[in-house]
Structures are given as structure tokens and as C-alpha cells.
Amino acid sequence: MKRRTFLASSAVALAAPAIGRAQGANTLKFVPHADLASLDPVWTTADITRNFSLAVFDTLYGLDAQLNPQLQMAAGDKVEDGGKLWEITLRDGLKFHDGTPVLAKDAVASIARAGQRSPLVNLLSQRTAEMTAPSDKVIRIRLKAPFSMVRDALADYTAAIMPERIAKTSGNDQVPEIVGSGPFKFLPNERVPGSKVVFAKADTYAPRADGTMSFTAGPKVAHFDRVEWLMLPDPATSAAAIANGEIDWWENPPIDLLPSLKQNKALAVKTIDPYGSIGCLRFNHLNTPFDKPAMRRAVLSACNQDDYMMAYAGADPSVIHNPVGLFSPGSPYATTIGCENVGRVKDLKQVQKDLAAAGYNGERIVLLGPTTIPPLHAYSQVTADLLKRIGMNVDYQALDWGTVVQRRASKETIDKGGWNIFMTNLGGSGNVSPVSASAIRSGAAAWFGWPNMPKMEALRDAWLDAPDLAAQKKIVEQMQMLAWDEAPYVPLGYYAGPVVYRTGLSGIRDGFPQMYGVKRG
């Protein structure tokens with residue numbers, strides 16, 4: 001399939017609707033990669049919800065640029081009993097956006113809820129014998145055995161600190177309201193689904209007085225009184241708006257537009273995520289036919305990573321890094337071992353035979369194809385075409401990303417609105433180690449798609465107990481080889497795309513788009 005051209009480079013000259021600056025110079029206008037379909041960082045792993053959570057909530061620890069945990073809402077911690085007893089003390093002056101104080105019992109409930117769904121926090125929960133709040137300022141965690149990643153788990157964005165009454169909501173249900181603990185306050189009355197999300201500087205928030213702001217750690221200072229996320233209808237509109245100074249920051253400009261955007265001296269084009277994105281074709285392991293590993297392996301054997309990446313990023317091959325396995329290039333556990341399994345069968349008639357041998361009998365394949373995120377739209381088109389060419393009965397459902405986020409949570413059968421495949425990206429710091437990689441979890445903590453891979457869980461436990469990096473890397477190689485056999489998903493290739501922002505902005509740091517620390521001038 002030839003690379004799809006999303007927009008001609010001349011699109012930056014097209015007129016955009018007047019966005020204006022009615023709120024004044026102290027408003028940051030940001031165009032995110034997708035609409036905010038869910039506000040709950042525990043219920044979904046959608047990157048847009050992660051970015052929302054980083055603005056609205058804070059965590060006990062934060063991660064610096066080297067992904068090392070640092071004190072955040074915590075003033076300090078004490079570890080006793082050979083590493084099995086942790087006492088974490090909250091900083092003074094912490095408040096929620098409704099003005100009530102942040103108490104230890106709120107943190108306990110928030111961590112417990114995150115542990116129901118988050119891969120890393122779930123590992124902490126499994127190893128916890130008891131977690132209590134002996135006072136308003138102290139969180140006490142008694143472990144069954146020492147666990148080296150307590151701080152890492154509590155620095156995860158899913159361990160967002162919420163009021164206890166909200167955090168008692170099951171992780172399988174979305175929270176009923178947002179009462180944040182972070183630098184920006186969500187303004188629900190100004191939210192327009194599919195169009196706008198608005199935040200105000202949280203007057204109740206007290207940033208750390210020490211340290212250096214780095215990734216999700218350090219003083220989270222809000223320099224803007226107001227932040228607006230604008231979901232603009234198409235890339236041409238966004239390109240014209242940022243060129244005209246009507247918006248400040250655009251998260252995901254299509255690769256095709258970068259040459260024109262780079263010519264504008266008022267714009268900066270910069271890659272801020274050092275770990276990029278891995279395309280993902282995710283199978284539903286509960287519904288036939290992909291409940292059979294052989295069926296999943298047959299599809300994996302037909303997927304060519306270069307075809308997928310060229311479909312989106314072919315205009316600038318320098319952002320592509322193939323082949324790729326489970327972990328992002330540049331991360332310490334990245335390996336290409338066994339990557340030749342992806343796309344190894346060039347004869348698609350042979351793939352048809354492999355599917356037939358695995359038991360495929362013309363079942364309808366419901367493919368959820370996001371249309372509002374350019375790379376995912378490109379992947380979806382390539383996948384629909386490929387599945388048809390290998391003889392599968394494809395029901396390609398073109399949907400906005402918000403609808404995909406809701407639909408992929410369904411465990412229903414196909415005749416009741418279920419699905420077989422959805423397309424997404426796996427990226428950022430969530431794809432750099434076995435403990436954060438949600439797509440290879442299984443069992444109770446499994447991500448949407450719900451694979452059952454007890455061998456993978458055992459390897460993860462072995463990785464946690466490994467004595468050194470060399471031993472961990474050997475285990476990661478075993479995990480990757482197991483992934484080619486189980487095929488919980490297909491890695492479709494890697495790209496690291498840039499953001500675009502007005503040169504008058506400063507403080508945009510490497511990592512995820514974060515609204516705090518950013519200012520004009």
C-alpha cells in the first residue's frame with residue numbers, strides 16, 4: 001500500500017477559523033493529539049488522559065529526566081525492617097482544589113485504586129501486606145517482602161492523589177468527578193466535548209520549594225492563569241492557527257507538514273519525547289478467532305513494520321527506527337531479538353493457508369480504526385487492506401479516538417458490540433521496561449485485549465528479582481521471544497515525531513506535554 005499523503009505542504013497557508021485571544025496574553029492555547037474522552041487516569045491508559053492527569057493531579061513522587069523517582073508530595077520517607085516497612089510523610093500545606101487538606105487516608109485510597117489497573121502500581125499492591133494511614137501525615141506500607149520499586153510505583157501518574165471519597169470508586173468504573181491535587185484546576189463547566197478543555201491555575205496548589213523541575217519531578221509552577229486545549233478539526237486548521245499566532249503549541253503535527261512548519265522562524269519544531277511511539281495492532285484474546293495464538297501469529301507474520309511506518313512518517317524517514325520489539329529504542333531493555341518474526345511471511349497466500357490451518361472460517365473481524373489521530377488512521381487503513389488480502393472478513397469501523405477509547409473497554413462478543421482489533425500507539429516512559437509495559441500484562445491486571453500469559457508474568461517476577469542489568473536483559477530477551485509466540489499484539493514500528501510551538505514560549509521540557517513550567521518569554 002502506498003504511503004497516504006495527509007495534506008499538501010501548502011496547507012499551512014489555508015485560512016483557519018478565528019480563535020483569538022479573548023482571555024488575554026496569560027492564556028496558553030494548546031492543540032492536543034486527541035479529544036479527552038475520559039478524565040480518569042486509572043480507568044484508561046490513553047495518552048491524552050495521562051496528560052490531563054499530569055496537569056490536574058500530583059503524586060507522592062515524581063520522575064526526573066533519567067526516570068529516577070524523587071520526592072514530590074512526600075516530604076520524606078523512612079524504610080525499616082529490612083525494606084519491608086515504609087513510612088512516607090506528606091509535605092505541609094497540601095490541599096485539593098476544593099480547599100480541603102490532602103490527608104494520608106486520601107493517598108492510601110488513591111494508591112489502592114491505582115493498584116487495581118496500573119501495571120507498576122499493581123505489582124506494589126501484590127507485594128503489600130497492609131497499607132494504612134496511622135496519622136493525617138503518614139502513609140505506612142508493610143510489604144510481604146522487600147520491593148525495590150516502591151518509589152517508582154508511587155511516581156506513576158496513575159497513582160494520582162484524589163480525595164478518599166472519590167478514590168473509593170472501583171478502578172473498573174470511571175470516577176464521578178475531578179477534584180485535583182496538582183497545579184491546574186479542571187473547569188468542567190467550560191468543557192465542550194470534541195472541542196475544548198479548560199484549566200485554571202490552582203490557587204490551592206503549593207509547589208515544592210526545592211529541587212529542579214525535570215520530567216514529572218520538582219517544583220510544578222503554573223505560569224499561566226488559564227490553559228485551553230483546543231481540538232481543531234483538521235491539521236490544516238492547526239497549521240494555519242499556529243502560524244498566525246492564534247495557538248501556542250501543537251502536539252502532533254503530521255510529518256508531511258514539517259518542512260513547511262520549519263520554514264517559519266516564529267515556530268520551533270522539537271522532539272520532546274525521547275522514547276517515541278511504537279505502533280500497536282492489539283488483538284482481543286477473548287473473542288474468536290484471535291483467542292487462538294496461531295491465528296494471532298499468522299497476522300503478525302504478515303505485518304511489515306516498514307509499510308506501517310512509511311504510511312505515516314514516510315515524508316521524513318529520519319524519525320523512523322525499525323525494526324522494533326517490545327521496548328522503545330534508546331531504553332535500556334530495547335532488543336531486536338526475534339523481530340524478524342514480524343512480517344516474516346512475504347507470500348500472503350501462505351498466510352491464508354496458515355489462517356485456515358489455525359481454524360479461520362470466515363468470521364467477521366471488527367477493526368476499530370481511529371480517524372482523528374493521523375498515525376492511527378494510517379495504521380488502520382494499512383491493517384484493513386492487509387487483512388482483506390489475507391482473506392479475512394473485515395468489518396472496518398472508522399471511529400473518532402474518543403469512541404475507540406470507550407469501545408475497547410468492552411468485553412462483549414462481536415454480536416453484542418465487541419471488537420477483535422484496535423489500533424494505537426505504545427509510547428513514552430510506559431514502554432521502557434517490563435514493569436511499565438501494559439500491553440504484555442495478563443490476568444487480572446491485563447490491558448484491553450485481556451491476554452492470559454502466565455509465563456510472561458513469571459518472567460516479569462524473575463526480572464524484578466534479577467541481581468543486575470545483565471541478568472535483566474537476558475530475561476527481557478526471553479520475554480520478547482515469548483511475545484512472538486503468544487502474539488498479544490503486533491509492534492508496527494517506531495517513530496519519534498516532534499511538537500511545534502511558538503518561539504515566544506519557554507519551559508517546554510523533554511517528556512510528555514506538561515502545562516506547568518511553560519511561560520512566555
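Taken along the Cα-to-beta-carbon direction at a fixed 7 Å, the label points for residue 398 and residue 353 span 3.6 nm. Put simply, the amide H of residue 128, placed in the peptide plane, has neighbours under 5 Å in 144, leaving out anything fewer than 5 places away on its chain. Under 5 Å between amide hydrogens, built in the peptide plane, is the criterion, and for residue 426 it picks out 278, 279, 280 among residues at least 5 positions away or on other chains.
Across the stretch 199-212, coupling constants 3J(HN,Hα) worked out from phi with the 6.51/-1.76/1.60 Karplus curve, θ = phi - 60°, read 10, 10, 4, 7, 5, 7, 7, 10, x, 4, 8, 10, x, 10 Hz, and Gly and Pro carry x. The sum of -39500 (n - 2.57) across all DSSP H runs of n ≥ 4, divided by the residue count of the chain, sets its helix-only mean residue ellipticity at 222 nm to -7500 deg cm²/dmol. Protection proxy ranking for 366-372, 452-458, 39-45, using the average of other Cβ atoms within 10 Å per residue and placing the highest first: 39-45, 366-372, 452-458.
Among the trypsin sites (Lys or Arg not before Pro) in the stretch 36-88, none sits in a DSSP loop with a Cβ that has at most 10 other Cβ atoms within 10 Å. For the pair residue 87 and residue 195 in one chain, pulling the backbone fully straight at 0.36 nm per residue adds 34.5 nm over the alpha carbon distance. Model label points for residue 130 and residue 78, set 7 angstrom from Cα along the Cα-to-Cβ axis, are 1.7 nm apart. Cross-link reach is defined here as a Cα-Cα straight distance under 29 Å, omitting same-chain residues fewer than 8 places apart; for residue 29 the lysines meeting it are 95, 185, 196, 201, 220, 262, 265, 270, 519.
Only lysines eight or more places from residue 388 in sequence, or on another chain, were considered; those with a Cα closer than 24 Å are 2, 292, 346, 349, 353, 416.
What number, in percent, do you get for the relative contact order of the chain if the mean sequence gap of Cα pairs under 8 Å and at least 6 apart is divided by its residue count? Rounded, it is 21 percent for the chain. Note on residue 474: aspartates and glutamates with a C-alpha under 18 Å away, same-chain residues under 8 apart excluded, are 457, 461, 465, 485.
Return the loop-located trypsin sites (Lys or Arg not before Pro) in the stretch 186-229 (DSSP other than H, G, I, E, B) with at most 16 other Cβ atoms within 10 Å of their own Cβ; answer none if there are none. Hits after loop and neighbour filter: 191. In the stretch 19-151, Cα pairs under 8 Å separated by at least six residues give a relative contact order of 19 percent. In loop segments of the stretch 138-213 as defined by DSSP, the GluC sites (Glu not before Pro) with at most 14 further C-beta atoms inside 10 Å of their C-beta are 177. In order along the stretch 299-315, the phi-based Karplus estimate (6.51 cos²θ - 1.76 cosθ + 1.60, θ = phi - 60°) of 3J(HN,Hα) comes to 5, 4, 5, 9, 7, 9, 4, 5, 4, 5, 5, 5, 4, 10, 10, x, 5 Hz; Gly and Pro are listed as x. On full extension, the segment bounded by residue 316 and residue 457 gains 47.0 nm, given 0.36 nm per residue less the C-alpha separation. Estimated from the Cβ-Cβ distance and a Förster radius of 45 angstrom, the FRET efficiency linking residue 466 and residue 27 is about 0.40. 3J(HN,Hα) along the stretch 265-281: 5, 7, 10, 10, 10, 9, 8, 9, 9, x, 10, x, 9, 10, x, 9, 9 Hz, from the Karplus curve 6.51 cos²θ - 1.76 cosθ + 1.60 with θ = phi - 60°, whole Hz, x for Gly and Pro. Going by the alpha-carbon gyration tensor, a ≥ b ≥ c the square roots of its eigenvalues, is the stretch 381-429 rounded (a/c under 1.5) or, if a/c is not under 1.5, prolate (a/b greater than b/c) versus oblate? Oblate, since a/c reaches 1.5 and b/c is not below a/b. A cut-off of 5 Å between modelled amide H atoms, ignoring neighbours fewer than 5 places along the same chain, links residue 325 with 335.
All of the numbers you see were taken from the coordinates with simple rules; none came from a lab. Quantities reported herein were computed from a predicted structural model and do not represent experimental measurements. Please note: Cβ atoms are built from the backbone with ideal geometry, for glycine as well, and neighbour counts cover all protein chains shown.
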